[in-house]
Amino acid sequence: MSQIVPINRKARRIAASFTASFGDAHALAPQDPPLGCTTIFAPGWEVDSDGGTSNLCTPIERDLYDCHHSCYWPAQVPDALTNSANWSQSCGAPVNDWSNIDLVFP
Amino acid sequence: MQPIAVAFLLVAFAVLTPGSAFGLTPALQQPPAVAPAAVAPAAATPPAATDARPEGAESGRRGGRRGAGAPAVEAVPDPNRRGVPVTNELIGKHCIGCHARNEKGHMTRISYERKSPEGWELTLKRMLRQHHLQVSQDEARQMLAYLANEHGLTRSEAARGIYESERRVHWSEASADQELRESCGGCHSLGRVLSQQRDATEWKLLKAMHLAFFPLARSQAFRGGQRRDNSSVNFEAMSDAEREEFIARMRGEGDTGPDRADRVLDALAKSQDLMTPEWDAWQIERREVPLAGRWSVAGHEVGKGDFTGHVIFERTATDSFTSRWVLSYADGTSAERTGRGVLYAGYSWRGRSQSAGADEADAAKEVLLLDDTWNRLEGRVFHGAFGEIGADVKLRRADGSMALLALKNGAVEVPCQGRVVELFGQGFPADLKAEDFHAGRGVKVRAVERRDATCVLLTLDTEPTADLGPRRLSLRTDPGPRALVLYDTVDYIRVEPGDGFSRVGGVALPKQFERFEARAMHRGPDKKLWTADDVPLFTLPARWKLEEMPVSEFDDDVKWVGTIAADTGVFTPNIDGPNKERRYFSNNIGDVYVRAEAELDVWVRPPEPKVVAAPKAAAPDAAAAKPVETAPVVAAPPAPPAVPTVREKKLFRARGHLLVTVPIYVQWDRYDWDSR
């Protein structure tokens, strides 16, 4: 861990777990999130501000219709305002009926 | 007035007033007082037999918009504005209702933008979805082919954002301009922006389109500076008046002055202008680029290794070809695929191929870019719901001339005796001798065995003093690739990709798979591990395992995210949906380590020879104005390198990171109309 200095508790734990078991921590210096990851808004769709998943809304189905109605993620979740007004109708409560959610091909 | 009508009105106004007189999008400065009736009746062209609107696409809630009236604003584009004339009959017929044409054949919007085939497909689909354009699938295909070809990108323009078309998952946009990233890279990748050329007006209208359709974009990304959190906005719950007021605020009506997006778009208008010298030259020089014939293929597929072979393109119509691929993989398997494709705008190949008897799901898409010499094609062949399973390929025209293209196992130990390296190429002559090859200082080519015109086996010796690192292997007049890599020992192995990415799926939404491979590495000239000068040597079979990456207090991701095949490194994510057995009903998402373990038989590097310090030169007199002549530094004679004599079986371990995350519910990049 040369270039990257852990600044919070979580990071320190990760750092500790690295060096404890491997000498290859450099290899794991976090790179950029993969292409297509939406990271700029807080939190991102795919990753949180720490580059992980632990701070994402979970389950995603609980938040899905909020994202839809607020059109907050128009490239990831069908937006209610413009492209997919009726999207939420195929499924009543997403946390329970999530398997009826439609994937939209614009 | 319905807020949605406002949305449409803004946009419609933008369409109809693209005159170069507007430095800024008029729609943004003052809401036009024109009725949303701007869509001409001609939009209601006779409905065709099959509606091209993609399955599953919803058409929004505005009905009965078309035929509502005639365009009220100046409709004909200014003939002095440079544009690409539209010469296609279908476009004339179907688009004229909303996109007026002048005497030069310029149509509003259409003539002032150029983009990749994928970019054009997005636009056409929006015309269908939002603006109720009605055409058949077949007409959509023909219009797309025309636009991608005649209103497409030149070679270097296409190269800039090609990773978008190649659907690369492992690609970084971190080096892009920061303002551009923050304004335009938040919802979709910047690749979408980089695969377009437009004039300044058109770049500005893009902002109008985003704000009209996705008003939150303003505070999320366009305005810059302080961020307002709009995540709890619910348009459904608002009254009409509230909604209208909110949207107007989001669109910045009343705000003055350019924002961050304006700055970004101004810059794009310069760096990605509609008319470029390269485009002008192509207009003069254009011809059908002859692609037909045999091409040699060399590539690499993560998880499968290197492959070589050839493809034969046969011309069927202008710019259209069939393809027959014959490939053999490092693991001994082989593949034969047939398909077809189109060369757009002289340089951009879009193809599709599949092996005999396989179903459509097996079909791989090909995105290749031709180089300036018309002798090389390079790109990616991929499949999977997210295009995530793919191979990088390089093609070289096999015109009978001799060329050494790739080394199949070109990492060679130092010292070694009688090591056999397999060469792949074309036109290898029958009378090849060892002297025809040159492998540089310290490497002796002992024997040559020619298998056929594409395959030669070389037997090499490397001396203990041979310089380490990559070097050329040349053959007669061909300088050859810098693909012979000398190394004394393997320093470590690395997991590739280092940051894996996967999406849960399989029930409501598709899975996004990930594949890993292990690569042996050398520490490079600086003798330090994990630095930029380290040299990749070869991929090797490894045993694979997932491990917890401890992030939170009760971290149990590794139990849920999915499984990795111990022998192949293929990761299969778990299903989508809430998991009732997990805390908070969490999805099966998480962060884990991917661990590879492999054994290798390698030289034990002898201890470094002691560095004898050179006598220190007298420090120059600091007070002297002129540089003092110092005595030449006498370096100690270099100690002879120690020769490794002991081998060992060494266990190597490496870890990578894998992010298994949520699905996406909109898939913009299912391109179904390109004539592939």
So, in segment A:46-66, of the ones that are surrounded by 23 or more Cβ atoms within 10 Å (Cβ to Cβ) and more than 12 Å from the chain's Cα centre (by Cα), which residue ends up farthest from A:ASN100 (Cα to Cα)? A:LEU64
Could you check how many residues of segment A:78-101 are touching a residue at least 24 places away in the same chain (Cβ under 8 Å) and within 7 Å of chain B (Cβ to nearest Cβ)? 4
Segment B:370-415, subset among the basic types (Lys, Arg) and in a strand (DSSP E or B), residue nearest to B:SER328 (Cα to Cα): B:LYS394
Can you pull out the residues in segment A:21-44 that are facing chain B (nearest Cβ under 7 Å) and modelled with pLDDT of 50 or more? A:THR38
Can you tell me which condition B:LEU509 does not meet? The list is (1) in contact with a Ser or Thr (Cβ under 8 Å, 6 or more places away or on another chain); (2) buried (at least 21 other Cβ atoms within 10 Å of the Cβ); (3) part of a loop (DSSP other than H, G, I, E, B), and all the others hold. (1)
State yes or no: is B:ARG223 in contact with a helix residue (DSSP H, G or I) (Cβ under 6 Å, 6 or more places away or on another chain) and either at pLDDT below 90 or outside the structural domain of B:ASP78 (by TED's automatic domain parsing) (or both)? no
Take the conditions assigned to a helix (DSSP H, G or I), in contact (Cβ under 8 Å) with a residue 24 or more places away in the chain and among the β-branched types (Val, Ile, Thr) and apply them to B:ILE247. Does it pass? yes
Mind checking which residues of segment B:492-501 are more than 7 Å from every other protein chain (Cβ to nearest Cβ) and either of a type outside the set (D, E, K, R) or crowded, with 22+ Cβ neighbours inside 10 Å (or both)? B:ILE493, B:VAL495, B:PRO497, B:GLY500
So in segment B:246-263, with the set limited to residues that are modelled with pLDDT of 80 or more and out of contact with any Ser or Thr (no Cβ under 7 Å at 6 or more places or on another chain), which one is surrounded by the fewest Cβ atoms within 10 Å (Cβ to Cβ)? B:PRO258
Scanning segment B:145-182 for residues that are facing chain A (nearest Cβ under 9 Å) and either without any contact (Cβ under 8 Å) to a residue 60 or more places away in the chain or not in a loop (DSSP other than H, G, I, E, B) (or both), the one surrounded by the fewest Cβ atoms within 10 Å (Cβ to Cβ) turns out to be B:ALA174
Taking segment A:67-83 as the region of interest, how many residues are at pLDDT below 80 and either closer than 14 Å to A:PRO94 by Cβ or out of contact with any helix residue (DSSP H, G or I) (no Cβ under 9 Å at 6 or more places or on another chain) (or both)? 0
Can you work out which of the residues in segment B:295-345 that are crowded, with 16+ Cβ neighbours inside 10 Å and among the charged types (D, E, K, R) is modelled with the lowest pLDDT? B:LYS304
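The values are calculated or read from the model by the stated rules, or taken from the named source; none is laboratory data. Computed from a predicted model, the values in this text were never measured in an experiment. Here the Cβ is made from the backbone with ideal geometry for all residues, glycine too, and neighbour counts use every protein chain on show.
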